[in-house]
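Trainee: First, the structure itself, so that you have it in front of you.
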Amino acid sequence: MEDDAPVIYGLEFQARALTAQTAETDAIRFLVGTQSLKFDNQIHIIDFDDENNIINKNVLLHQAGEIWHIGASPADKAVLTTCYNKTSDSRVVSCAAVWRMPSDWETGSHESPDDSAHNPQTLELLCHLDDSAHSNAACVLWEPMGDGKRVISLADNHALLWDLQESSTQATVSSTATLEGKGQLKFTSGKWSPHHNCSQLATANDTAIRGWDLRTMSQIYCIENAHGQLVRDLDFNPNRQYYLASCGDDCKVKFWDVRNVQEPVKSLEEHSHWVWSVRYNHSHDQLVLTASSDSRLILSNMVSISSEPFGHLVDDEELSEGEDNHQEDKSKEPLKDSVVSTYEEHEDSVYAAEWSSADPWLFASLSYDGRLVINRVPRALKYRILL
Amino acid sequence: MGAHGLCCGRLFMDGEAVGSEAVSEDSGPGRRHRVHGMLKLYYGLNEEGKAEEQPESLDPCDINGPHFDPELFLNKLRRECSLAELMDQETCMVKQIRSLDSDMQTLVYENYNKFISATDTIRKMKNDFKKMEDEMDCLSANMAAITEFSARISGTLQDQHAQITKLSGVHTLLRKLQFLFELPARLNKCLELQAYAQAVRSHRRARCVLQQYSHLPSFKGIQDDCHAIMDKLAQELRQKFRDGGSSAKDLSECVELLLQLDEPAEELCDKFLSHAQSRLESDLQGLEAEIRPYPSASAMKDASGHRLSSTAAAGSPTYNSPKTSTIPSPTSNTDILEFIDRGCNEFVSSLCLVITSYQELFINHAQKGELASKNIPQMANGKLNAFVDDLAARYFSLVERRIQEEKGVADNSLLVRALDRFHRRLQAVTKLLPGSAVPNQGTEIVIRAATERVKQYLSALQSFYMDSLTDVRQALATPRLSVASASVAGGGAHLGGPASGRDAPNSLPELLSSLSASILNQIKSVLASVHLFTAKDITFSNKPYFKGEFCSQGVRESLVVSFIKFVCQSSRQFCESAGDKGGSTPPALLLLLSRLCLDYETSTISYILTLTDEQFLVQHHSPVTPVTTLCAEAREAAQKLLNHYVKVQGLIISQMLRKSVETRDWVNTIEPRNVRAVMKRVVEDTTSIDVQVGLLYEEGVRKAHSSDSSKRTFSVYSSSRQQARYAASYTPSAPMDTNLLSNIHKLFSERIDIFSSVEFNKVSVMTGIIKISLKTFLECVRLRTFGRYGLQQIQVDCHYLQMYLWRFVSDENLVHFMLDEIVGSSAHRCLDPAPMEQSVIEVICERG
């Protein structure tokens, strides 16, 4: 189908950081942070026009350094955080900061879209999320569905809870948690749980996944050896509070019930190399997106452990209209866990994939060579879930 | 001549073989007739021409014919003949007449003599008869006298005879009476002597009479006495019956007597059976006691514990006596054969005896007697069946318990023999009780025991397999260091030389073949053991179960097929469990098992199954697992194991590379002078893996590469390409070009699947491992930032890897490409990308 075809956008630089603009619920908009050691790094604001299948881009300069992680505020469209590497005096330092986009970036782009690359505007720094004791931020997490006042940064073996004040221009550490143990422990990634009144955090370090209670900043659960090797990413099921997905270097995606951490609820092994990112769809938690350094993006339909395990009844007429090949085996029997689709548009490792915050059927993925691909959930599956 | 002819003629005509003299005494007319005939014959012979030609016709002219008419004859002669002829005729006639006359004279003379002698005889007879008549008169007179006397005597004896008859009657009566009067005493005496049979016999004889005359007081007394005694006797018999100390024969005698004493048969049946039951129960208890562990048995077990375990471990069934039996948990101190023997000899034979005597007493006996009318046989039969069923059930439960204790699989023949005996002895019960369910239950027990045994063999095989794996694991663990060092010292040379330096034969192929052979041997020996169940001389082997289901379902499916499946299953488990725990299984074991499964797929499975089918002549009534399914399963397991091996080995090398990249400060590193030690280590490990895989797997096919695809080829290729790329990437005006070359390359090369299935050959395995390692290297490099010398170090390292790794992979371009990627990526991640001169790199790498 024509409008199911992927839309590809190429960046000039290598890139790892991708996020949807969380606070934006009308336009389909993604933010991409580039990695370049030699040039000024950029934040690309990718607008996707769903009806015309056209991408509009705006570029903001991020001169502080190459971007490793990017996060958009859930409350203020213009506010975002980045984790970046700064090189000075032949030293490489990882920092984190809160930024505000210039207010007129949008108008400028509309007037002369072609020139925008040549004369980009610069991000406005709101505050640094570093203090002298804690540096090397791996990622910054916004409070899900919060008012944009609280963020957590994961730096080395510390989790720091920041309160942003005065329009985010000031940040103070309100509490910290420290991962203790033998050797040099380091958080690789984390996720702030949207459940339990946003009082829980899950982090990954090496092969373990840990849960933290933010009220006491103490560990509440620990999944040792969650993966055979490094755990790369985590995501919470948006509808089932105890369910957590993780992925890692053992090529597996695992689904956990944190009440029973002995065994994963489910384990997928579809990728042929490390899995770098796993994302639940925000509305339909059976849809899970995984990105891997085998250059593939895989969309899985995990019905059995979703909040709608029995799915919706399928109308036969609707099915007969769409001749999509995904229907045939699923029209009669109850839905099974399956790979919906494998996307092979990338030619380098895919390090990030995100669902759009505006359109639940649309997602973007970013590979190292700077290729951003926007895809949709196959229409047949969409109708099956909706109808 | 004439006399002779006469003689012959007589012989022929009369058939009498007697001479003429003997004939002469015959009566006259017959004789005369005969002489006349003879004469006729005589003349006939003389006048041959005429007489012979003329049959005895009515011709009146025939002179010898009966109708001869002289007138006619004369007229005829006179008419027909001439004178001369007439003359001749006349002469002839005269001659004949004369001869006849002389004959007649002779005859007359002879007859006269005879007549004279006859007259004499008659005269003599007349005198004799007269004398005889006188004697007869005398005899009749005497007889009359005797008759008279006899009548007189019998008349006199008449009275006395009547008297004697009467007397003898009285005598009999008296004797009877005496018997009756003596009866109580006699019975008492019998009682004293315990001659119960005689007592009962006596009483039976008297009973009717006593009954009849019971109205007479004296008889009444006797009867009462007798009753009392007989009651006592019955009492005593019952007592004896109850006591049960007597033999079965005594017992049956008792029962017989009691039956004769009109005891109710049903009650007797019950009593008999209950008594038999108590005795049989004691047998059963004896058996049960054998099952229970003796207090001393445990001590003995402890004492010989280590010996038992050692023999069990060695797997050599040194079966000397029950006490040193190789049963791992000897809860009883007799072996099963002894136990069954005892059960058969004591319980089953007593049971048979009971059945026989019972049938004799209550069924066969009753059928003849008056008891048959009361449906006694049916009642008795029913009781007997219930009784036998009950006891047999208990016996069976005991036997089953005992069989269940038979856990050791060392010596199957013992169990089979025991079961055979068990089954054989139950046939006796079948013969005695045709409708009984007991033999069927027995067969079921045998079947259960057999299936149980098959299960035990399966678990024994499984544990044997796991044990062998543990052994292999240990064998792999101990000499591994020496293997590694040896192979490293050999510098990638084949492991022929270093192998001889090791003390134990632990090389992989040897381990594989010994493992495979020992498993096969174990399977064979188990099959041989199980085969005993279907041996010809075993009674139950011709039961349909053992002919069909046991072979196909029991042996083939649940033993052989299950074992093969178990092997595959456990192999797969190695892949799954080890994945998360970080390689608890040594990689060499994975490799070995993979080869084992592959060997199974190619030959061993079909061999084992053919062997089984041949040994057991399996007739596949029910669907069985086909060889292809098992082979597919084995192949799948082999594939999985090999993939896992690749993964594990790849991870080990990846881990080294990752650590080396992550722990270094690449920005502030010094100018490279050497290849980093970790790269050497990678090459060494890869080499030893190559050797290891080469021991078990074939070389495999490489993509054709130039004959001298040495490092020189690479150098040219790589240097030119790298230079070109760096030149492109360092021009600030064209940031877009950074990825161009790489992207173009990707457009034309196939996507590389890192963790993908490998083929069953060395090259494919090595390619897989190297792919995983280099991809890890690449991803790690992309996460770091490099200074100038950092990049140069990576260049050196990659060149070194290129020099050594290309030879292991199927397509050297793959290594080229991935190393290019690494160098390219690190160049991108470099703050000050100033690549090292290719010649310098080469020098450093040559130096090692």
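The values are calculated or read from the model by the stated rules, or taken from the named source; none is laboratory data. In this text, all values refer to a predicted model and were calculated from it rather than measured experimentally. Neighbour counts run over all protein chains shown; Cβ positions are idealised from the backbone, glycine included. What goes into the accessible areas is simple: the full protein's heavy atoms, side chains included, and nothing from ligands, DNA or RNA. Shrake-Rupley method; radii C 1.70, N 1.55, O 1.52, S 1.80 Å.
Trainee: Ignoring ligands, DNA and RNA, how do B:Thr687, A:Thr25 rank by accessible area with a 1.4 Å probe, largest first? Before the final figure, lay out each step's value.
Mentor: Details: B:Thr687 25, A:Thr25 90 Å².
Correct descending sequence by accessible area is A:Thr25, B:Thr687.
Trainee: Suppose R0 equals 56 Å. What FRET efficiency, 1/(1 + (r/R0)^6) with r the Cβ-Cβ distance, do B:Arg401 and A:Leu386 give to the nearest 0.05? Don't skip to the answer; put the middle values down first.
Mentor: Details: r = 65 Å, r/R0 = 1.16.
Result of the calculation: an efficiency of 0.30.
Trainee: Hey, another quick one. Dividing the alpha-carbon radius of gyration of region B:649-696 by 2.2 N^0.38 Å (N being the number of residues), what value is obtained? Walk me through the intermediate numbers first.
Mentor: Values: Rg = 13.5 Å, N = 48, 2.2 N^0.38 = 9.6 Å.
Compared with the compact-globule rule of thumb, region B:649-696 sits at 1.41.
Trainee: Enter the per residue convex hull volume of region B:61-197, computed from alpha-carbon coordinates, in Å³ rounded to the nearest integer. Walk me through the intermediate numbers first.
Mentor: Values: hull volume 57.7 nm³, N = 137.
Residue-normalised Cα hull volume stands at 421 Å³.
Trainee: Going from the alpha-carbon gyration tensor of region A:43-97, what semi-axes, largest first and in whole Å, does one get by taking the root of 5 times each eigenvalue? Mind showing how you got there, number by number?
Mentor: Numbers: eigenvalues 161, 37, 12 Å².
Here the semi-axes work out to 28, 14, 8 Å.
Trainee: Are there chymotrypsin sites (Phe, Trp or Tyr not before Pro) in region B:756-835 that DSSP marks as loop and that have at most 10 other Cβ atoms within 10 Å, and which are they?
Mentor: none
Trainee: Rg and Dmax of region A:175-282, using alpha carbons, in Å: what are they?
Mentor: In order Rg, Dmax, the Cα atoms of region A:175-282 give 13.1, 40 Å.
Trainee: Sticking with this one: Where does each of B:Asp225, B:Asp134, A:Asp257 land when they are ordered by accessible area, with a 1.4 Å probe and the largest first?
Mentor: Values: B:Asp225 80, B:Asp134 100, A:Asp257 25 Å².
Ranked list, largest accessible area first: B:Asp134, B:Asp225, A:Asp257.
Trainee: Now for a different question. Accessible area of A:Thr34, 1.4 Å probe, to the nearest 10 Å²?
Mentor: For A:Thr34, the solvent-accessible surface is approximately 0 Å².
Trainee: Across the residues of A:270-276, average count of Cβ atoms on other protein chains within 10 Å?
Mentor: 4
Trainee: Also, I was wondering about something else. What length, rounded to one decimal in nm, is gained on full extension from A:Arg259 through to A:Asp49, with 0.36 nm per residue of separation minus their alpha-carbon distance? Walk me through the numbers on the way to the answer.
Mentor: Values: separation 210, 0.36 × 210 = 75.60 nm, distance 4.19 nm.
Contour length minus the Cα-Cα distance gives 71.4 nm.
Trainee: Within region A:232-309, report the trypsin sites (Lys or Arg not before Pro) that DSSP leaves as loop and that have at most 13 other Cβ atoms within 10 Å. Working shown, then result.
Mentor: Values: sites: A:Arg232, A:Arg240, A:Lys252, A:Lys254, A:Arg259, A:Lys266, A:Arg279, A:Arg296; in loops: A:Arg240, A:Lys252, A:Arg259, A:Arg296.
Listed in order of number, the matching sites are A:Arg259.
Trainee: What net charge is computed for the residues neighbouring A:Leu18, neighbours being all others with C-beta under 11 Å from the C-beta of A:Leu18, Lys and Arg scored +1, Asp and Glu -1? Provide the component values of the computation, followed by the final result.
Mentor: Details: positive: A:Arg16, A:Arg279; negative: A:Glu354.
Residues near A:Leu18 contribute +1 overall.
Trainee: For chain A, set up a GNM with springs between Cα atoms under 10 Å and report which of A:Phe255, A:Phe363, A:Phe39 has the largest fluctuation.
Mentor: Result for chain A, Cα springs under 10 Å: A:Phe39 fluctuates most.
Trainee: Sticking with this one: Counting only other residues whose beta carbon sits under 10 Å from that of B:Cys575, what net charge do I get with K and R as +1, D and E as -1?
Mentor: Details: positive: B:Arg572, B:Lys640, B:Lys647; negative: B:Glu576.
Taking every Cβ under 10 Å from that of B:Cys575, the sum is +2.
Trainee: Convex hull over the Cα atoms of region A:124-230, averaged projected area in nm²?
Mentor: Numbers: hull surface 28.8 nm².
With the hull built on Cα positions only, its mean projection is 7.2 nm².
Trainee: Just counting partner chain Cβ atoms within 10 Å, what average do the residues of peptide B:773-784 show around their Cβ?
Mentor: Values: counts 0, 0, 6, 5, 0, 2, 8, 0, 0, 8, 2, 1.
Across B:773-784, the average partner-chain Cβ count within 10 Å equals 3.
Trainee: Could you calculate the contour length gain from A:Asp163 to A:Glu270, that is, 0.36 nm times the residue separation minus the distance between their Cα atoms, to one decimal place in nm?
Mentor: Values: separation 107, 0.36 × 107 = 38.52 nm, distance 4.01 nm.
Additional length available on full extension: 34.5 nm.
Trainee: I would also like to ask the following. Running Debye on chain A with equal point scatterers at the Cα sites and no solvent, what base-10 log of I(q)/I(0) appears at q = 0.06, 0.15 Å⁻¹?
Mentor: The Cα Debye sum returns log10 ratios of -0.22, -1.44.
Trainee: Additional query: Can you work out D for region B:205-244 in µm² s⁻¹ from Stokes-Einstein, where Rh is the Kirkwood radius over C-alpha pairs, the temperature is 25 °C and the viscosity is 0.890 mPa s? Mind showing how you got there, number by number?
Mentor: Values: Rh = 10.9 Å.
Using the Kirkwood radius from Cα pairs, D works out to 225 µm²/s.
Trainee: Now a separate question. Taking R0 as 51 Å, what's the FRET efficiency between B:Ala141 and B:Thr119 from their Cβ-Cβ distance, rounded to 0.05?
Mentor: On the way: r = 35 Å, r/R0 = 0.70.
Result of the calculation: an efficiency of 0.90.
Trainee: Let me ask something else about it. Using a Gaussian network for chain A with springs between C-alpha atoms less than 10 Å apart, which of these wobbles most: A:Gln35, A:Gln286, A:Gln262?
Mentor: Highest fluctuation among the options: A:Gln262.
Trainee: Do any GluC sites (Glu not before Pro) in region B:773-848 lie in a DSSP loop with no more than 16 other beta carbon atoms within 10 Å, and if so, which?
Mentor: Details: sites: B:Glu779, B:Glu812, B:Glu821, B:Glu837, B:Glu842, B:Glu846; in loops: B:Glu837.
Filter output for region B:773-848: B:Glu837.
Trainee: Go through region B:182-193 residue by residue and turn each phi into a ³J(HN,Hα) via Karplus (6.51, -1.76, 1.60, θ = phi - 60°); whole Hz please, and just put x for glycine and proline.
Mentor: 7, 3, x, 4, 5, 4, 4, 5, 4, 4, 4, 7
Trainee: Under a 5 Å amide H to amide H cut-off, with H placed in plane at 1.01 Å, what residues pair with A:Asp156 once short-range neighbours are removed?
Mentor: Under 5 Å from the amide H of A:Asp156 lie the amide H atoms of A:Ala138, A:Phe187, each far enough along the sequence or on another chain.
Trainee: Another question about this same structure. Taking the full set of protein chains and a 1.4 angstrom probe, give the accessible area of A:Glu308 in square angstrom, rounded to the nearest 10.
Mentor: In the full protein context, A:Glu308 sits at about 60 Å².
Trainee: Using Cα-only point scatterers and the Debye equation, what is log10 of I(q)/I(0) for region B:585-651 at each q in 0.17, 0.19, 0.23 Å⁻¹, rounded to two decimals?
Mentor: Log10 I(q)/I(0), no solvent term: -0.64, -0.73, -0.90.
Trainee: Given H placed on each backbone N at 1.01 Å, which residues far from A:Asn56 in sequence or on other chains put an amide H within less than 5 Å of it?
Mentor: Close amide H contacts, sequence-distant or interchain: A:Asp47, A:Phe48, A:Asp49.
Trainee: Here's something else I'd like to know. From largest accessible area down, sort B:Leu805, B:Leu107; use a 1.4 Å probe on the protein chains.
Mentor: Values: B:Leu805 5, B:Leu107 40 Å².
I get B:Leu107, B:Leu805, largest accessible area first.
Trainee: Under the rule of at least 5 residues apart or a separate chain, name every residue whose amide H is placed under 5 Å from the amide H of A:Val265.
Mentor: A:Phe255, A:Trp256, A:Asp257
Trainee: Can you compute the helix-only [θ] at 222 nm over chain A? Use -39500 (n - 2.57) per DSSP H run of at least 4 residues, normalise by all residues, nearest 500 deg cm²/dmol. Walk me through the numbers on the way to the answer.
Mentor: On the way: 3 runs with 21 residues, N = 387.
Computed ellipticity for chain A at 222 nm equals -1500 deg cm²/dmol.
Trainee: Ignoring ligands, DNA and RNA, how much accessible area is buried between chains B and A, both sides summed, with a 1.4 Å probe, to the nearest 100 Å²? Don't jump to the answer; show the numbers that get you there.
Mentor: Working: alone 46090 and 16930 Å², together 59870 Å².
By this definition, chains B and A bury close to 3100 Å².
Trainee: Note down the accessible area of B:Asp471, probe 1.4 Å, to the nearest 10 Å².
Mentor: Accessible area, nearest 10 Å²: 100 Å².
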